[in-house]
Amino acid sequence: MTQERLPIPFPDEVLVAWLDNQLSEAQREQFAQRLQNDDILAERVTQLSYSNLPFHDAFEPMLAEAPVADLQARLNAISDPVSAPSSTNMRGVSRRHLLAAAVSFLAVGIAVGRYAVPVETPEKDLGWRNLVAQYMSLYSTDTLVDIHESAQQHDKELLRVNSTLGTSLTTTQLALPGAELKNARLLNYDQYNIAQITYLDPAYGPMALCITRASQRSDTGPQSEVRRGMNVIYWRAKGYNYMLIGHNPPDQMASHGQVLLQALS
């Protein structure tokens, strides 16, 4: 970062530079002051700080196939960029840089897998479940273990989800035996909003209930599948698609699915 004043709002490059201690003293002071009073920024920094998974190994094949020359040319055209990796130093990319790219692409609906997976709507070939599975494959216990939100914060997050999707979710409805409710957030995929409610199971790790609007009104009973090595229970009810995904055994996932189906009915 060459300039003393940082752009507002802070892009992910600035957050990564903060985490990797690459800001100047003046920039760090400016960032720290904003961080103390901006809950959304603090949540984003926390999200990008979870870097314990082997992200480099997971994304190295994509880096090898990516159009590096074209991307480098576009980066060079941007004024005052944060130092960008060249084709000769891809192995020097930090875990947080890879995580920032992965989370940003998924959160705003830019599919990292466009080179291999065709763009599809959530209903077409049920592509939204594949997207969620890709996202959840980045989660580990460490991703969620340090998230300790109050009941008031849960209510605030669910209010935003309900307002966006037209749902009426409550923490009581979302309670699952043996799993701790962590947070609720909104993702977006090809202009479709997806609610993600995350849990942490002390024995099996991260689990998530994801919800999006359905284009079909007919209800379907719970069905099961395996995606990215995780067990999935999915159903459609009252105009919404539901997907519960985690590493719990199939029978336990089915039981959790029944609890949620009944509570949300």
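For the reader, a short list of remarks on this structure follows.
- Residue-wise HN-Hα coupling along the range 210-224, computed from phi with Karplus coefficients 6.51, -1.76, 1.60 (Hz; x: Gly, Pro): 10, 9, 9, 5, 9, 7, 9, 8, 5, 7, 10, x, x, 10, 10
- With a Förster radius of 30 Å applied to the beta-carbon distance between Lys238 and Ile147, the computed FRET efficiency rounds to 0.55.
- Mean Cβ count within 10 Å, highest first, over the residues of peptides 178-187, 242-251: 242-251, 178-187
- Vicinal HN-Hα couplings computed from phi for the range 153-165 (Karplus, 6.51 cos²θ - 1.76 cosθ + 1.60; Hz; Gly/Pro x): 5, 4, 4, 5, 5, 5, 4, 5, 4, 4, 5, 7, 9
- Descending semi-axes in whole angstrom, ellipsoid equivalent of the range 130-265, from the Cα gyration tensor: 20, 18, 15
- Taken about its Cα centre, the range 148-264 carries a charge dipole of roughly 340 debye when the Cβ of each Lys and Arg holds +1 and the Cβ of each Asp and Glu holds -1.
- Across the range 237-246, rounded Karplus estimates of 3J(HN,Hα) from the backbone phi angles (6.51 cos²θ - 1.76 cosθ + 1.60, θ = phi - 60°) give 8, 6, x, 10, 8, 10, 9, 10, 9, x Hz, Gly and Pro being marked x.
- For the range 143-198, the relative contact order works out to 32 percent when only alpha carbon pairs closer than 8 Å and six or more residues apart are counted.
- Computed over the range 148-264, relative contact order equals 20 percent, with contacts defined as Cα pairs under 8 Å that lie 6+ residues apart.
Each value in this text was obtained by applying a stated rule to the coordinates, not by laboratory testing. Worth saying up front: this structure is predicted, and the values here are computed from it rather than measured. Here the Cβ is made from the backbone with ideal geometry for all residues, glycine too, and neighbour counts use every protein chain on show.
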